[in-house]
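The structure appears right after this line, and notes come after that.
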């Protein structure tokens, strides 16, 4: 019953809150000015993600009252830490070292509260990979990387907001299939808040989410498979791969781009426009077109995950061959647009 009230309320609060924040940003001159990494040419209000963060966290506390067993102090503390340092970076510019320390502390906090992955189903090999203590390291790297990967990928109008919508809807559907009521509600909240923001951020964007929004989404989508374990029972071992597939194209683009920079002896922390999505824009595709490509591919992959979980009880169908085909489609588009050079 609470979902029928909470989720529409979240959408309205997000949409109206971002509109108010945009007017405040224009009045105060809180703008994102173009730089070497930017894909926009004129100053645009930034930091609208703070509205999404506040709405989602308040909703999380409300959900925790109804489902106290789902409450995670580690998630709340980690989100507060990640978004605080990101907000300070949006306003004052914080060094990469301090951001990494904050992200690491947030990852450790979540692991201390919710544990780490000790085994993962590998359906394409028909085995379960056991990690033991190594699982803590893998979980830590997963959290820290996704926080930063999401930030790397928030570079054109609509792409990060659309990814948030598709990933949240994917988690919502998985929650229905696996009977995880508290995660269903929170996923719905994240989806509704993302849609409210996306209506302002779609090309041409009237406001950007800023680091505070992108790192929130990265941390949240990294945390969701850990938060879901309390409700998932025997299905918990499929959650890590499902989580990775819901954000696969952000992970793929960010990892491949960083590897290419290393091969070219480029500094990883300097501003650049080397990501596939940035190169597609440089090739002449519109922001809306590129964001739609990533969004559609993610939606198809997410649907394959849901079909596989529903009818096979694992994600073998989504891992192979769907992920290979869809990744090939993205690379083919980049090749045709000369965006791989």
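Some values worked out for this structure:
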{"item": "Test: residue in segment 40-49 that is buried (at least 17 other Cβ atoms within 10 Å of the Cβ), in contact (Cβ under 8 Å) with a residue 12 or more places away in the chain and part of a helix (DSSP H, G or I)", "result": "yes"}
{"item": "Residue among 205, 230 that is closer than 17 Å to residue 156 by Cα, in contact with a helix residue (DSSP H, G or I) (Cβ under 8 Å, 6 or more places away or on another chain) and surrounded by fewer than 24 Cβ atoms within 10 Å (Cβ to Cβ)", "result": "205"}
{"item": "Options 296, 333, 307; residue that is in a helix (DSSP H, G or I), out of contact with any strand residue (DSSP E or B) (no Cβ under 8 Å at 6 or more places or on another chain) and within 16 Å of residue 243 (Cα to Cα)", "result": "307"}
{"item": "Residue within segment 74-92 that is farther than 15 Å from residue 151 by Cβ, at pLDDT below 90 and surrounded by fewer than 16 Cβ atoms within 10 Å (Cβ to Cβ) present", "result": "yes"}
{"item": "Answer residue from segment 3-23, given it is over 16 Å from residue 191 (Cα atoms) and out of contact with any strand residue (DSSP E or B) (no Cβ under 6 Å at 6 or more places or on another chain) and is surrounded by the most Cβ atoms within 10 Å (Cβ to Cβ) among those", "result": "21"}
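Matching residues to (1) in contact with a helix residue (DSSP H, G or I) (Cβ under 9 Å, 6 or more places away or on another chain); (2) buried (at least 23 other Cβ atoms within 10 Å of the Cβ); (3) modelled with pLDDT under 90:
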position: 177; (1), (2), (3): yes, no, no
position: 187; (1), (2), (3): yes, yes, no
position: 191; (1), (2), (3): yes, no, no
position: 201; (1), (2), (3): yes, yes, no
position: 234; (1), (2), (3): no, no, yes
position: 251; (1), (2), (3): yes, no, no
position: 271; (1), (2), (3): no, no, yes
position: 274; (1), (2), (3): yes, no, yes
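The values are calculated or read from the model by the stated rules, or taken from the named source; none is laboratory data. From a predicted model like this one, the values you see are computed outputs, not experimental measurements. A quick note on method: Cβ atoms are made from the backbone with ideal geometry, for glycine too, and the neighbour counts reach across all protein chains shown.
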